[in-house]
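Participant: Structure provided below as structure tokens; questions to follow.
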Amino acid sequence: MTARQAVVRPAGTGTGAAVVEFTNVSGRTCVLKGHPTVAGAGNGSPEMNVPLTVKPTGAASSVTVAPGGKAWVKLTFVQVQGEGDGYCVSGSAPVLYPTMVVQLPSSGAHQVALDDGQFAECDDTVTVTAVTAIEPS
């Protein structure tokens, strides 16, 4: 599983949005469906996970993933604003997570880091797409 900053994301200085890629590493086809749960996490510290409030978007449909095949979800965060440490429009403090734990229904939980930094977000809230066979931008 890998994650990269999305091309299309809200304006600001935080992560904004990330695309998470799942690869079927098993020897058999699997079927994924639904919206993930997401938690902020420190490296190697699953007991310290902070579940984020998930706002699902888009209809969920079954995605068949062959061995070696891929599926994706897009996570859009409440964006950090400003320079330096930044600020949250809500008045809460911005939070940095080295990794996120993303769990798809019937697929287990997977810890993932961004390929170019940390996840920065406000308000511990994330909007998530349903799993898709088409890579989001």
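The values are calculated or read from the model by the stated rules, or taken from the named source; none is laboratory data. Note that the structure is predicted; figures quoted are calculated from it, not measured. As a convention, Cβ positions derive from the backbone with ideal geometry for all residues, glycine included, and neighbour counts pool all protein chains shown.
Participant: From the list VAL95, VAL102, exactly one residue is among the aliphatic types (A, V, I, L, M) and in contact with a Gly (Cβ under 7 Å, 6 or more places away or on another chain). Which is it?
Facilitator: Exactly one residue qualifies, and that residue is VAL95.
Participant: Here's a follow-up. Here is a check on your reading of the model: is SER90 farther than 13 Å from GLY14 by Cα, touching a residue at least 60 places away in the same chain (Cβ under 8 Å) and in a loop (DSSP other than H, G, I, E, B)?
Facilitator: So SER90 fails the test.
Participant: What number of residues in the range 92-110 are surrounded by fewer than 18 Cβ atoms within 10 Å (Cβ to Cβ) and either within 22 Å of ALA71 (Cα to Cα) or of a type in the set (S, T, N, Q) (or both)?
Facilitator: Final tally of qualifying residues: 7.
Participant: How many residues are under 17 Å from THR76 (Cα atoms) and buried (at least 18 other Cβ atoms within 10 Å of the Cβ) when one looks only at the range 23-45?
Facilitator: 7
Participant: Filtering the range 1-59 down to residues that are among the basic types (Lys, Arg) and in a loop (DSSP other than H, G, I, E, B), which residue is nearest to the chain's Cα centre (by Cα)?
Facilitator: ARG9
Participant: Which residue pairs have Cβ atoms closer than 9 Å, lie 6 or more positions apart in sequence or on different chains, and pair a first residue in the range 1-17 that is on the phi < 0 side of the Ramachandran plot with a second residue that is at pLDDT below 80 and surrounded by 18 or more Cβ atoms within 10 Å (Cβ to Cβ)?
Facilitator: These pairs meet every condition: GLN5/THR15; ALA6/THR15; ARG9/THR15.
Participant: State which residue pairs qualify: first residue farther than 30 Å from PRO94 by Cβ and inside the range 61-81, second residue charged (D, E, K, R) in any location, beta carbons under 6 Å apart, and separation of 6 or more residues or different chains.
Facilitator: Sorted first by the residue in the range 61-81, then by its partner, the pairs are SER62/LYS33; LYS70/GLU21.
Participant: Criterion first (closer than 14 Å to HIS110 by Cα and touching a Leu at 6+ places or on another chain (Cβ under 8 Å)) does VAL20 satisfy it?
Facilitator: Answer is yes for this residue.
Participant: Turning to a different aspect of this structure: Hey, among the residues in the range 60-87 that are of a type in the set (D, E, K, R) and assigned to a strand (DSSP E or B), which one's surrounded by the most Cβ atoms within 10 Å (Cβ to Cβ)?
Facilitator: For the range 60-87, the residue satisfying everything is LYS74.
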